[in-house]
Structure formats: C-alpha cells, structure tokens
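To keep things clear, I will list the structure first and then write my remarks on it.
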Amino acid sequence: MRFGVLRFPGSCDEADAQLAAARVGEASILWHQDRDLQGVDAVIVPGGFSYGDYLRAGAIARFSPVMESVIDFARGGGFVLGICNGFQVLCEAGLLPGALLPNANRRFTFRQLDLEVVQGDTAFTRACEPGETLSIPAKHESGRYYAPEAMLDELEDAGQVVLRYKPEQNFNGSLRDIAGVCNEAGNVFGLMPHPEHAVDALTGSTDGLRIFESMALSMRVAHA
Amino acid sequence: MRARVLVRPKAGILDPQGIAVEQALPALGFSGVSHVHVGRLVELDVEVPAQLDEMCRKLLANPLVEDYEVQLLEGPVAGAP
C-alpha cells in the first residue's frame, strides 16, 4: 500500500505521518503545488499550520493545486486521512461535515488523551474493537468540533462519529465530545488527535498505529 | 471599488475571543460591558463588486459558522497613504 503525505508551507507533522505510514506500507511526500498524486492508494493531510492558518485554519490550503486532485481522488472513493490541521482542511474543502472552532479553553493545549472508538468497522478503525480506548496525543488551538444540531443528529444516526473524547478528556469543547468524523461514503476521515505521534513505545503509546493498520487492512480488502 | 467585509461568529456559537475580551475589560476598570464578539475585517479593492458575495462564501467567511456583511465604500483608495 502506498501513502502520499501532503506538505504545505507551514505543515509540521508530515515527517511523523510519513514515518507512521511507512510502518504499514510505503509513504512519500506530495508537494502542495503538484497536482499529480503519483498513483498513491491513500492520501494523508497532515498537521501543522498550512499557509500560516491565515483567515481560518485550513481555509487557504483547501484551494492549493494538490487539494484539487485530492478532492477528485476522494470523490472517486480514494482513502483520505486528515489529522489536526488536515481535518480542518478537509472540513474547509467540504469533504467532511462541520467545522473546527477555537478551543473553548482559549489555549493552545497539548495533552495525551483517551479516545473511545465509537465505530470499529470503518476503513480507518477496522483494526480496533468498538468501544475500545485509544491513548493518542492532541495539540491544537482550534479543535472544537462544531456542526449544527440537526447535522450532529444525522452524523450520529449515520454512524459517522468515529471517535469521541472519553469523559474529562474533551478540553477543546467539541460538541458531543466528537474527536473524529468520517464522510457519508466512509472513505474520508478526520480527527484532531495525532495518531502519527503514537506509533512507538518510546513515546508512551502505540495506539495511533491502529489507524494506519486499519487503512492498510482496508486497502487489502478493497483490492481483494 | 473599495469594499469592506465584516465577518462575525454566528449568533449562539461560543466565541472564546469575545469572552476573553469581555473578561479583560472589567479588569481594566471598564464596567457595564456585555455581549462582546470578536470578528474579522477584510478590506479590498474589487473590479467586479458583484463577485463579493461569492468571494465571501468561498473564502472570506465560512458560512457554516460565520455571518458576513459586505459594505461598498467610495472609489478605490489603492495607493493612498
């Protein structure tokens, strides 16, 4: 399986995402000015501060040349994972529902978090059990998941709420404790915590690896 | 044409910046301040003012969480000191 990790000016977690993906497949960097996705099987939109997060986090990156190709790729059923700033970019691009607003605590916060796997049967969580707890760090200033109430109901009914913050873990004030959502088709997933920073026991948890393993598993199923 | 776009958080959406400012003002001795909201101001010269609404919807504001208001000002002021 080949992963392509986007790099925007201001990205800062693309190297870790590449290293994490390389544990389950091949991974290369895709430059924001390039439209060619080089035939990758999955795209990772990494964390950071793309284009300085000017205007709103993700607002400018969403119109970059590479994102035009990623939008086509996603609409064609390709797997796309957005982490932190990548989640914000995917929401701005309309590939995921909702928006990420400034944290309710008004602070840039860095914490190791317990997350509940709400949906264990998605392309991004199939290596997990439903209800399982994942320990993954988060570090952001605008991670408060927001969608209008009616949209939240629809997302829950459709099983698109994939990850939730466990009790006492929702520091950013996300509505309904939502930490990660997928699109209706299930091929695009975004989350605020950073699974790529939790793949080696050296840094305390390897739970993040499950997200990448799930994607590799899903690709094998898709190609079988 | 000079235009000014005002972008505000939608009513009812938590506005942490507004809260921070509202809490800071009494600390400086200003009392009686409430309902503070912090938004964004974008000023621009445009050749086709009819496109402003689309610019707002696509980039300058996120219509899911923000309201915007377009004000058309006097002629271009580009180059003004």
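Every read-out reported here was derived from the displayed coordinates using simple, explicitly stated rules and does not represent laboratory data. Computed from a predicted model, the values in this text were never measured in an experiment. Using ideal geometry, Cβ is built from the backbone for each residue, glycine included, and neighbour counts are taken over all protein chains shown.
Within region B:22-70, the only residue that satisfies the criterion of being within 14 Å of another protein chain (Cβ to nearest Cβ), in contact (Cβ under 8 Å) with a residue 60 or more places away in the chain and not hydroxyl-bearing (Ser, Thr, Tyr) is B:Asp67. Among the numbered conditions (1) surrounded by 23 or more Cβ atoms within 10 Å (Cβ to Cβ); (2) within 14 Å of chain B (Cβ to nearest Cβ); (3) in contact (Cβ under 8 Å) with a residue 60 or more places away in the chain, the only one that A:Tyr145 does not meet is (3). Scan region B:37-69 for residues that are among the hydrophobic types (A, V, I, L, M, F, W, C) and over 25 Å from A:Gln88 (Cβ atoms) and report the count. Counting residues in region B:37-69 that are among the hydrophobic types (A, V, I, L, M, F, W, C) and over 25 Å from A:Gln88 (Cβ atoms) gives 3.
Yes/no per residue for (1) surrounded by fewer than 24 Cβ atoms within 10 Å (Cβ to Cβ); (2) within 14 Å of chain B (Cβ to nearest Cβ); (3) closer than 30 Å to B:Leu14 by Cα; (4) in contact with a strand residue (DSSP E or B) (Cβ under 8 Å, 6 or more places away or on another chain):
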| site | (1), (2), (3), (4) |
| --- | --- |
| A:Leu90 | no, yes, yes, yes |
| A:Ala93 | yes, yes, yes, no |
| A:Asn105 | yes, yes, yes, no |
| A:Arg111 | yes, no, yes, yes |
| A:Leu115 | no, no, yes, yes |
| A:Ser135 | yes, no, yes, yes |
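Annotation note: of A:Ala42, A:Ala99, A:Ala21, A:Ala57, the sole residue that is hydrophobic (A, V, I, L, M, F, W, C), touching a Phe, Trp or Tyr at 6+ places or on another chain (Cβ under 8 Å), touching a residue at least 60 places away in the same chain (Cβ under 8 Å) and within 14 Å of another protein chain (Cβ to nearest Cβ) is A:Ala57. Which of the residues belonging to region A:155-175 are touching a residue at least 12 places away in the same chain (Cβ under 8 Å) and within 14 Å of another protein chain (Cβ to nearest Cβ)? The answer is A:Leu155, A:Phe171, A:Asn172, A:Gly173, A:Ser174, A:Leu175. For the structure I just gave you, tell me whether A:Gly94 is part of a loop (DSSP other than H, G, I, E, B), on the phi > 0 side of the Ramachandran plot and in contact (Cβ under 8 Å) with a residue 24 or more places away in the chain. Criteria not met by A:Gly94.
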